[in-house]
Every structure is written in structure tokens, then in C-alpha cells.
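For reference, the structure discussed in these notes is given below.
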Amino acid sequence: MNSEDTVLLSTSYFGSVQYFTKFLLYPFRIIERFDHYTKQTYRNRCLILGANGVLPLSIPVHKGPLHKTCVKDIRIDYSKDWRKLHWKGIESAYMHSPFFEFYMDEIRTFLEKEHVFLLDLNSKILNYLLDTLEVDGSYSYTDKFNDSEAVADFRDSIHPKKNPEDDPRFLVRPYPQVFADRLGFKSNLSIIDLLFNEGPNARAVLEQSITQAKE
């Protein structure tokens, strides 16, 4: 196991384009489940593009000592009907995209069923997306917190508040978006933005979003 062939990632809710390039770039993928949960990360949120700009969709989780709670133990809070809001946002944003009808039923299914743990929901979404993108879907979970330096660690660097262009192996590759004529291209959104707009060509866009390692 080394940083050339093994990547360490956080769990992610409808992960970003940058996130999914790592599944093409590294043959061995490990998802951390013993890191402490922190707010405002991709663990429980994704970014889509609506008529008024980039729209964050966040899953509420049960409150408590979150900074001391492992991600694997985070429970989803269903006291508010966030699932309806998420689907309404997705439908409004992508109903006019070229491939919305091809993927809408499966995407909606994830929001119709209650999952107790955030990690379980994210895992099922990830499996579906990797299969749809025709990307090798093999990955493993940590059995304790991974503090190894012998992996490419993106647990904290793939983050809504961090610039993906700081990643030397990631290249922003523009593709058509529903509201691009008014808003311009918005990069590194949720992978569903790429899927709804590019369909079967989504994998090719991911491949073109990977740059060669710098010497």
C-alpha cells in the first residue's frame, strides 16, 4: 500500500466530481469511518446548480457531541422532511437536463427510504453511482482511524470550502450545464450534475479531469 496506488477518502453524500476522479485514479480505495464528524463537509452535503446559482443540500443529523462522534455512528435526523426538500431542489434544477429521466427514479429512491446511519445511505449511493459510471466499484472501510502516511489522503482536502484547483491531479473540465447561459459554468458540483447533463459521457469527463502527476 502506497500513495501511488491507494487513496483515503471520507464518506460523501452524492460526492463531487473531484471525489469521483479518485476512483479512476487509484486502484485501491479506502473510506474512513472512524474520523470524528465535522459540520459543513461533503459527508452530509452536496452542491447542485439551480436557477439562482449553486445550491447546497444538507442532511440534518442528530445533535450531540458531534466533534467526538465517529462518522460510522452518525444518525440521520428525520424530524424535518429534508428528503422532500432535496428532491424538490434536484427536480427543479435538472428536470430540463438531457438525462434527467434516465437517472431520476434511482436517485429519488435513495431519498424515499429511511436510513438510520449516514454512512449506510452514502454507501448505497456510492455503489449505485460507481456502477452507473462504469467505474470499478471495489473499496474498503477503515477498521480504525487511519493515520498512515503511506496513502494519498483526501479526507479533508476534498471540502466545500477548499479550492479543488489546489489538487495537482484534478483539472476543471467544463461541460454543458442547464443554467450555464445565465450563470456560467460552475465547477466541481455533485456528480449528479455531471450525470444529468452528460449521461453516458460522464465517465469520459471524469477521465479528462485527471492530470498527470507533476515531477
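Only the coordinates and a few stated rules stand behind these numbers; no lab work does. Since the model is a prediction, treat every value here as computed from it, not as a measurement. Cβ placement follows ideal geometry from the backbone for every residue including glycine, while neighbour counts extend to all protein chains displayed.
Looking at the chain, the DSSP beta bridges with both ends there are about 60 percent antiparallel. Looking at the square roots a ≥ b ≥ c of the eigenvalues of the Cα gyration tensor of the range 2-62, which shape do they give, rounded for a/c under 1.5, prolate if a/b is larger than b/c, or oblate? Oblate, because a/c is 1.5 or more while a/b does not exceed b/c.
For the chain, adding -39500 (n - 2.57) for each run of n ≥ 4 DSSP H residues and dividing by the number of residues yields -9500 deg cm²/dmol at 222 nm.
Of all aspartates and glutamates in the structure, the ones whose alpha carbon falls short of 18 Å from that of LYS72, not counting any fewer than 8 places away in one chain, are GLU32, ASP35, GLU114, ASP120, ASP143, ASP147, ASP156. The trypsin sites (Lys or Arg not before Pro) of the range 68-135 meeting both criteria, a DSSP state outside H, G, I, E and B (loop) and at most 15 other C-beta atoms within 10 angstrom of the site's C-beta, are LYS80, LYS113. Positive end of the charge dipole of the chain (Lys, Arg +1 and Asp, Glu -1 on Cβ, about the Cα centre): tell me which of GLY199, TRP87, LEU8 has its Cα farthest that way. Farthest towards the positive pole: TRP87. Listed by chain and number, the lysines whose C-alpha is less than 17 Å from the C-alpha of LYS162, apart from same-chain residues fewer than 8 away, are LYS22, LYS39, LYS186. Taking the Cα centre of the range 158-215 as origin and assigning +1 to Lys and Arg Cβ atoms and -1 to Asp and Glu Cβ atoms, the resulting dipole is close to 120 debye.
Given +1 on the Cβ of Lys and Arg, -1 on the Cβ of Asp and Glu, and no further charges, what dipole in debye does the range 6-208 carry about its Cα centre, rounded to the nearest 20?
680 debye
Take the Cα radius of gyration of the chain and divide it by 2.2 N^0.38 Å, N being the number of residues; the result is 0.98.
Take each uninterrupted DSSP H stretch in the chain, measure its Cα extent along the helix axis, and return the ones at 15 Å or beyond whose mean Kyte-Doolittle hydropathy is at least 1.6.
Within the chain not a single helix satisfies the rule.
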